[in-house]
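Since the structure comes first, as structure tokens, the remarks are kept for the end.
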Amino acid sequence: MAKTVQDIIKMIQENDIKMVDFKMVDVNGQFRHVTIPAKNFSEKTMKNGIGFDASNYGYAVVEKSDMVFIPDPDTATIDPFCQIPTLSMTGNAMIIDNPENRPLAQYPRNIVLAAEQYLKDSGIADTMLILPEFEFYLFDEIGWDVSPNSIGVSLDAQQAHWNTAAEGTGCVVPKQKNYHIVKPYDVSYEARSEMCMLIDEAGIKLNYHHPEVGAAGQFEIEPELGKMSEMADATMMIKYIIHNTAKKYGMSATFMPKPVMGEAGNGMHVHMLLLKDGQPVFSKDGGYANLSEEAHYFMGGLLKHIASLCALTNPSTNSFKRLVPGFEAPVTVGYATSNRSAVIRIPAYAKAPELRRFELRNPDATCNPYFCYAAILMAGIDGIKNKIDPHANGWGPYDMNLFHLSDEEKAKLKHLPTSLEQALDALEADHDYLTAGGVFPESLLENFIKTKREECRQLAAIPHPAEFDRYYNL
């Protein structure tokens with residue numbers, strides 16, 4: 001049931017709330033916040049909002065940069081990490097107009113809402129459900145230095161395989177053997193269980209948590225399927241809870257796609273399905289993997305636009321250090337059942353008609369989740385509207401391990417971009433499916449590409465420690 005202003009005031013009174021915190025999202029998909037005393041919260045707060053400077057959030061707006069943030073009462077939750085009782089809300093950014101405000105089109109939450117409306121207007125479906133898998137590392141120690149006379153990173157995890165001589169109790173996990181490992185090797189179990197309890201208290205339903213493959217402290221938390229816009233908000237909250245709980249336990253959490261050389265990277269696989277009037281759109285008995293034509297066309301749209309999608313789903317230079325063969329990360333443009341080497345995997349265990357779906361395996365959590373999820377939906381809608389058949393286009397199904405093909409056979413396949421620069425080139429050339437219906441503003445994409453190209457340029461100019469290893473004595 002939707003919350004009202006009176007519901008929020010009641011929450012403040014019943015929980016002796018002293019502060020009300022408004023969490024906003026910048027262009028990179030990070031929370032920023034403004035806090036007011038709870039005694040100042042009123043109906044006017046919800047109507048008039050909180051002023052902020054959008055240019056400092058990375059939005060290159062044509063209008064004046066002064067914007068107003070309107071809280072969404074349905075997102076109200078008590079922040080468990082504040083010693084002073086604090087109620088937290090996120091919401092939408094608006095342009096200050098007379099007589100009424102209008103949504104800031106570049107604001108991430110407004111974009112995902114616009115994508116949902118575009119889906120409804122298309123008549124294809126009225127709801128998109130998604131399930132992102134959150135992979136992350138927990139480190140006991142982390143430090144880095146990027147200066148003229150020192151470039152390097154140092155990290156450690158108690159159970160990491162390199163600690164065999166120093167750990168002291170023998171509870172060390174062999175390299176790449178951490179998957180579902182049990183106690184005493186699973187040393188962060190309590191921390192992750194608390195993360196899950198806090199996520200549940202925030203109103204986000206979970207399936208499970210478990211150790212992942214990377215022996216240097218890699219783990220996964222998986223929520224239940226949820227409405228796309230709600231799951232975008234949930235993604236922000238899940239990351240917030242994981243980061244802050246890790247700190248409480250004296251650890252540091254990272255969603256960085258490839259933080260450890262030679263270990264599995266962190267992905268954020270996104271499962272998806274469509275509903276119309278409560279009925280599954282992707283299900284059809286007898287089709288390949290019991291999926292409908294619409295499901296195949298949706299996959300076709302994803303595969304056609306996958307290179308440009310990567311700029312939004314994998315928007316860091318580090319993202320492409322994960323998308324390499326040998327670590328269950330996808331590198332091939334294609335689809336298949338139960339095949340982790342293809343960029344789209346159809347889970348064989350999702351047999352019930354209402355659960356039949358597929359997952360896009362390339363995204364990672366350095367993305368802005370609102371941009372990522374909205375872009376995935378827009379690519380899929382384009383596939384359905386234009387009846388893009390993935391099989392007819394030679395994108396599968398690939399029911400074999402693509403990593404084990406010969407070099408000659410691999411050369412025939414289409415591959416994901418190998419760098420952020422390549423993905424940005426693709427986005428620059430292929431983004432009409434994103435701007436359809438005015439969902440993604442052209443100005444946002446132009447600013448995003450410009451900013452990310454400068455990021456690539458700066459990082460490319462920094463010497464890498466491995467370059468000293470290779471070239472110093474030549």
**Qualifying residues in region 153-179 (those that are small (Gly, Ala, Ser), closer than 21 Å to Thr254 by Cα and assigned to a loop (DSSP other than H, G, I, E, B)) - the one farthest from the chain's Cα centre (by Cα)** = Ala160
**Prompt:** If you check Asp382 against the conditions, is it outside the structural domain of Val25 (by TED's automatic domain parsing), acidic (Asp, Glu) and over 14 Å from Val270 (Cβ atoms)?
**Reply:** yes
**Request:** Can you run down the residue pairs with Cβ atoms below 7 Å, 6 or more apart or on separate chains, where the first is in region 165-189 and closer than 19 Å to His210 by Cβ and in the same structural domain as Ala216 (by TED's automatic domain parsing) and the partner is of a type in the set (Lys, Arg) and modelled with pLDDT of 90 or more?
**Result:** Tyr189/Lys183
**Message:** I'd like to know if region 334-341 contains one or more residues that are crowded, with 20+ Cβ neighbours inside 10 Å, more than 24 Å from Arg453 (Cβ to Cβ) and modelled with pLDDT of 95 or more.
**Reply:** no
**Request:** Quick one: which helices (runs of 4 or more DSSP H) lie wholly within region 421-474 and hold at least 1 residues that are in contact with a helix residue (DSSP H, G or I) (Cβ under 8 Å, 6 or more places away or on another chain)?
**Result:** 432-435, 442-460
**Asked** Is it fair to say Ile199 is of a type in the set (Val, Ile, Thr), in contact with a helix residue (DSSP H, G or I) (Cβ under 6 Å, 6 or more places away or on another chain) and assigned to a loop (DSSP other than H, G, I, E, B)?
**Response** no
**Asked** Among Leu155, Leu119, which is aliphatic (A, V, I, L, M) and under 30 Å from Gly380 (Cα atoms)?
**Response** Leu119
**Request:** Tell me which residues, restricted to region 262-320, are among the β-branched types (Val, Ile, Thr) and not in a loop (DSSP other than H, G, I, E, B).
**Result:** Val270, Ile306, Thr313
**Qualifying residues in region 366-400 (those that are assigned to a helix (DSSP H, G or I) and β-branched (Val, Ile, Thr)) - the one nearest to Gly226 (Cα to Cα)** = Ile376
**Prompt:** How many residues are out of contact with any Phe, Trp or Tyr (no Cβ under 8 Å at 6 or more places or on another chain) and of a type outside the set (S, T, N, Q) if we restrict to region 39-53?
**Reply:** 7
**Complete:** From the option list Ile388, Ile384, single residue qualifying as over 22 Å from Leu131 (Cα atoms) and either at pLDDT 95 or above or of a type in the set (Ser, Thr, Tyr) (or both) is Ile388
**Hits in region 210-234 - residues which are under 25 Å from Lys258 (Cβ atoms) and assigned to a loop (DSSP other than H, G, I, E, B)** = Glu212, Val213, Gly214, Ala215, Ala216, Gly217
**Message:** Name the single residue that is nearest to Pro103 (Cα to Cα) among those in region 9-54 being outside any strand (DSSP E or B), within 27 Å of the chain's Cα centre (by Cα) and in contact (Cβ under 8 Å) with a residue 24 or more places away in the chain.
**Reply:** Ala54
**Ala352, sole failed condition from (1) closer than 19 Å to Met128 by Cα; (2) crowded, with 19+ Cβ neighbours inside 10 Å; (3) over 21 Å from the mean Cα position of the chain (by Cα)** = (2)
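Yes or no, residue by residue, for (1) farther than 20 Å from Val270 by Cα; (2) touching a residue at least 12 places away in the same chain (Cβ under 8 Å); (3) surrounded by fewer than 16 Cβ atoms within 10 Å (Cβ to Cβ):
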| site | (1), (2), (3) |
| --- | --- |
| Ile95 | yes, yes, no |
| Gln106 | yes, yes, no |
| Arg109 | no, yes, no |
| Lys120 | yes, no, yes |
| Met128 | no, yes, no |
| Asp140 | yes, yes, no |
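The values are calculated or read from the model by the stated rules, or taken from the named source; none is laboratory data. Bear in mind that the values here come from a model prediction, so they are computed numbers and not experimental data. All Cβ positions, glycine included, derive from the backbone under ideal geometry; neighbour counts span all protein chains shown.
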